[in-house]
Amino acid sequence: MNKEVLFTERQRFNQWWLWLILLGINGLFIFGVYKQVLGGQQFGDKPMSNEGLLFATGLTIMLTVLFINFRLETQIKRDGIYVRFFPFHFSYKHFTWDKISKSFVRKYRPLSEYGGWGLRLGLFGKGKAYNVSGDKGLQLEFTDHNRLLIGTNKPEELTATLEEIGQLRT
């Protein structure tokens, strides 16, 4: 009964501008490989070596694959909150209710409070944040006064789950 998942959410980076930048960089490098390595014409005024161009293209493709695999997973169970930000966390981090003094959903400003999205360290005592999109999150305040904000795209469902199990604490 303790392991029953009451709430689950899986999020990925979905900012259009991020994907546009990554695709643009990949397209530029792939075009460079096509023109210089396959076509035999130098790519740019000061072209890099064919090996360097192939290496840089491989790195940009690997970076894009990494971003494709980023995901934030959140679960609420009767024994606590489970969260992981793959590929940085291979297993879930478990936060038990007895270590949490406050838990509530709030609106936040990702750029000004945490400097953006991802695994973030907040400014001026805001604590850590795990977020990939949006401006709503589950704010946790722990008994040791540390804070963690977990981004959510399901704020109403998350709030209802916390109310249902008596863990909505403001």
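Give me the percent of DSSP beta bridges within the chain that run antiparallel, rounded to the nearest 5.
Counting DSSP beta bridges with both partners in the chain, the antiparallel share is about 90 percent.
Have a look at F85, F95, F124 and tell me which one the Gaussian network model of the chain (Cα, springs below 10 Å) gives the largest fluctuation.
F124
Among G58, G39, G24, which one shows the biggest mean-square fluctuation in a GNM of the chain, springs joining Cα atoms closer than 10 Å?
So, out of G58, G39, G24, the one fluctuating most is G39.
Apply the Karplus parameterisation 6.51 cos²θ - 1.76 cosθ + 1.60, with θ equal to phi minus 60°, to every residue of the stretch 34-41 and state each ³J(HN,Hα) to the nearest whole Hz, in sequence, with x for glycine and proline.
Whole-Hz 3J(HN,Hα) from phi for the stretch 34-41: 4, 6, 8, 6, 8, x, x, 9.
Could you tell me the center-to-center distance, by alpha carbons, between the stretch 39-60 and the stretch 139-170 in angstrom?
Using only Cα atoms, the two centres lie 49 Å from each other.
What are the trypsin sites (Lys or Arg not before Pro) within the stretch 1-37 that DSSP puts in a loop, where the Cβ has at most 15 other Cβ atoms within 10 Å? Mind showing how you got there, number by number?
On the way: sites: K3, R10, R12, K35; in loops: K3, R12.
Within the stretch 1-37, the qualifying trypsin sites (Lys or Arg not before Pro) (loop, at most 15 other Cβ atoms within 10 Å) are K3, R12.
Using a Gaussian network model on the chain with a 10 Å cutoff between Cα atoms, which of E51, E156, E141 fluctuates the most?
Among E51, E156, E141, the largest GNM mean-square fluctuation belongs to E51.
In terms of modelled amide H atoms, which long-range or inter-chain residues lie less than 5 Å from the amide H of N153?
For N153, no residues qualify.
Under a straight-distance cross-link criterion of Cα-Cα below 28 Å, which lysines are reachable from K128, leaving out those fewer than 8 residues away in the same chain?
K3, K77, K93, K99, K102, K107, K136, K154
Could you name the lysines whose alpha carbon sits less than 20 Å from that of K35, not counting residues in the same chain fewer than 8 places away?
K46
Rounded to whole Hz and in sequence order, give me ³J(HN,Hα) for the stretch 132-143 from the Karplus expression 6.51 cos²θ - 1.76 cosθ + 1.60, θ = phi - 60°, writing x for Gly and Pro.
For the stretch 132-143, the Karplus-derived couplings read 10, 6, x, 9, 10, x, 8, 8, 10, 10, 9, 5 Hz, x marking Gly and Pro.
Measure nothing but the geometry: give the 0 to 90° angle between the long axis through the Cα atoms of 16-32 and the longest principal axis through the Cα atoms of the chain, rounded to 10°.
Result, in degrees: 20.
Name the residue from T143, Q15, L63 whose Cα lies farthest towards the positive end of the charge dipole of the chain, charges +1 on Cβ of Lys and Arg and -1 on Cβ of Asp and Glu.
T143
Taken together, the values in this text are just the output of simple stated rules run on the coordinates, not laboratory data. Remember, it's a predicted structure, so these values are computed and weren't measured experimentally. Note that we place each Cβ from the backbone using ideal geometry, even for glycine, and neighbour counts take in every protein chain shown.
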